[in-house]
1. Which count do you get for residues in region B:226-270 that are more than 10 Å from chain A (Cβ to nearest Cβ), part of a helix (DSSP H, G or I) and over 20 Å from residue A:223 (Cα atoms)?
2. Does at least one position in region A:288-309 carry a residue that is buried (at least 23 other Cβ atoms within 10 Å of the Cβ), in a helix (DSSP H, G or I), at pLDDT 90 or above and in contact with a helix residue (DSSP H, G or I) (Cβ under 9 Å, 6 or more places away or on another chain)?
3. For residue B:32, indicate whether it is buried (at least 20 other Cβ atoms within 10 Å of the Cβ), in contact (Cβ under 8 Å) with a residue 12 or more places away in the chain and under 14 Å from residue B:346 (Cα atoms).
4. Are there any strands (runs of 3 or more DSSP E) wholly within region A:123-194 with 3 or more residues that are surrounded by fewer than 18 Cβ atoms within 10 Å (Cβ to Cβ), and if so which?
5. Suppose we keep only residues that are touching a helix residue (DSSP H, G or I) at 6+ places or on another chain (Cβ under 9 Å) and either within 14 Å of another protein chain (Cβ to nearest Cβ) or assigned to a strand (DSSP E or B) (or both) within region A:237-254. Which one would you say is farthest from residue A:84 (Cα to Cα)?
6. What is the residue count in region B:117-154 for residues that are within 14 Å of chain A (Cβ to nearest Cβ), surrounded by 16 or more Cβ atoms within 10 Å (Cβ to Cβ) and modelled with pLDDT under 85?
7. Within the group A:419, A:404, A:464, which residue is touching a residue at least 12 places away in the same chain (Cβ under 8 Å), in contact with a strand residue (DSSP E or B) (Cβ under 6 Å, 6 or more places away or on another chain) and over 25 Å from residue A:340 (Cα atoms)?
8. Quick one: which of B:83, B:101, B:89 is at pLDDT below 90 and assigned to a loop (DSSP other than H, G, I, E, B)?
């Protein structure tokens, strides 16, 4: 009895077990159905995110060539060392170990990581840009030991600029895109041009980053490449710059021993053959991310190495401005080149006595000799006859008002006053007496070196105000294509007698009794003019004595050559070099180099530095006003920051 | 001992299903470890030795074995004690006896030994309702190895002993009222256990299970990865050896605890259903052996062996889908592990044994 009862009970209990197990398995099957079928897409994506990484492949920027095809700026391979937090187990340990292995300060590394904290964890945080080979080797060894699985070393193309900071301000520099620059095809972390050609032609030069999709394992080791879109290198760009002329100009400054700026143009086209601003900086410092100490020192340097003086420095043009007054007077038909003024060492205008620099006076001078001797009285007289507005008008025609339109970022406007300007700026009438100072390039005239170069090109070519430009050709992928040069900003055909008077006068400055004799090259007929930019008025100089500021005057030398059918024109600006004629040898060296190159002769060298010569009499630096100019003394300079 | 006519009563269907599961497991180990590795080779040895053990357990009449059950039980418990003091330590647990060529894990053999001794205890010479003494004896027989294994520590394996005892007692006629009482007591004891019975890391594991995202790098990692692994498999899977989760080691111990996840990834829902079906077939077929068994000893023996097997299968597969806290419980017949394979196959030897001898006296 018990046995059958036993059996029946067992049958029931076994049945219950059976049902229980079947139900459990059904539940399992449903769970798998839910995970594998219903939620498949979601988990599929998670699995892919798990094991696939898309790495950006930085595109090399376009190579820059000089006008003769010489490579100026190219790319080299450098190594970046980054942390990928996704694979980090212990960030503190990684930071400590990485700092130790690479010889860095752990706090600095920590700081970099913290700054990128909010970025996605799979995005590498670059800790060391342009790592040394020793650092790379040390890291790789630790990586192989699985000690630093979250540290990656990647090879990236990095800008390689010429040594000696050659043409630094022409090229500019590159840097990581700032918040404000992101967008419009520029992604976080992109390296873009921040200054100079790098910036203004960034779209051409930047290229297109590629991408590589790789499969990684659970510790982040790359297993294989799934797909790769190679980066497209930026466009190759040929500049109008001539390497040898650039070097000649910079060597000239180094040889002469002062800072400053030079701009050399082809007056026929406006092509910039050389553009110098000294002191410079080494763009290579920026190429792989500039360290904060270097950046701070560049920014706080009193000499302002980051300022491109050629387009951003504004200075009083001094006697070089007399060419504007001469052009205006001749073209307006107010005088002929034979117009004579008797210089007795000074002259009175509107009740004030204005000095010439030569105590005894130049006697009776015509236009040519007035230019040669830089006679102040002659140009006071012309300026007085013209009035400030006509001077302004012709200054503009010669390129001295506003911007020249050169293809570099952040060009400053040159300023030549006018009655309208003064009313707008100060709400005051123009005093005719102020015109007298303006006519010798003083007062509120302030110009950039590049604008004076345009003035010389315009005088050289007979009235075409060229737009200076630096891009000659672009390789869009199918070979070189000449760039379309910008149109001339203005075109006036100067009268023949204007041209011959100006050219003769300028020729005499260099080749006769003028101040530009140091630029003389036999047989080349160099034409030129010196000038001095007062840094501070004589009264101000007294007040500022002992302030430690360099208050010595700046010197100008503007030039073109040869006198007939000029091929080269430009300006040399010597910062605090006191005398315009000290810039003439630099111009001479550039011109000699130009012709030597053109004719296939060996390039000239620079003579060993001569013993300091006794200062010559410099007509540009003599005081010009006996009586204090009341109207000006009471007025702050229009631009105090340009000296 | 082995009579020729018995050969015809061997459950070939069950045996085929078991062999198929072993083969699937072997293939997945091959895939998860990246080719013909030592691991695969060891598993092959495990299967061969396991089949030998199966044949041995099949050949000897289970009644003779039951007569020696107390000796077998004592021997195994002695091995456990030995391991506790002299065992090889790996991964922080002392579970293995190092025999030079290979290691054996005695705790795997406790299940069959316990099933045997409990079957003998309840199956022979007893009639009528169970007494309180019966429960205490059964409890003690289970508790001794359970507590020793828990000391190794190996809570997973020790937990598999509970189903053995519960199943045998259940079939032996435990009053349903008692079952209810035990359930209630268990529920009430849970918070107390949570507070005093668990180590910090264990509490953490359970907390993590309830919300894996809170610790996505640590304990929750495996669980999340298990779900990703299974879910990304889809209907047909990524293909043999094509699984990224297992191949690239996002899922740890893929050839061991998470072998079923790898299968689900590479062969998809289809592969899951086939494998689940095979396991279900094995379990139901064995339950049939319980019913068919000639005597209560046979029934209890089969059910005891089957209980730990079933418990482990269900728990491991649930865990493989990321639906249960991660525990070091392997999937019998498929996971890598020689001792487990040998013990499991030996257990099935006993099950086949009982069924085969249902007509003998």
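1. The total comes to 4.
2. Among the residues of region A:288-309, at least one is buried (at least 23 other Cβ atoms within 10 Å of the Cβ), in a helix (DSSP H, G or I), at pLDDT 90 or above and in contact with a helix residue (DSSP H, G or I) (Cβ under 9 Å, 6 or more places away or on another chain), which makes the answer yes.
3. Working: buried (at least 20 other Cβ atoms within 10 Å of the Cβ): yes; in contact (Cβ under 8 Å) with a residue 12 or more places away in the chain: yes; under 14 Å from residue B:346 (Cα atoms): no.
Here the answer is no, as residue B:32 does not meet what is asked.
4. Numbers: elements: A:125-128, A:151-160, A:174-176, A:191-193.
Fully inside region A:123-194 and qualifying: A:151-160.
5. Within region A:237-254, the match that is farthest from residue A:84 (Cα to Cα) is A:239.
6. 2
7. Values: A:419 fails: in contact with a strand residue (DSSP E or B) (Cβ under 6 Å, 6 or more places away or on another chain); A:404 fails: in contact with a strand residue (DSSP E or B) (Cβ under 6 Å, 6 or more places away or on another chain).
Sole residue among the options that is touching a residue at least 12 places away in the same chain (Cβ under 8 Å), in contact with a strand residue (DSSP E or B) (Cβ under 6 Å, 6 or more places away or on another chain) and over 25 Å from residue A:340 (Cα atoms): A:464.
8. Working: B:83 fails: assigned to a loop (DSSP other than H, G, I, E, B); B:89 fails: assigned to a loop (DSSP other than H, G, I, E, B).
Going through B:83, B:101, B:89 in turn, just one is at pLDDT below 90 and assigned to a loop (DSSP other than H, G, I, E, B): B:101.
The values are calculated or read from the model by the stated rules, or taken from the named source; none is laboratory data. These numbers were taken from a predicted model, which means no experiment stands behind them. Glycine gets a Cβ as well: all are built from the backbone with ideal geometry, and neighbour counts include every protein chain shown.
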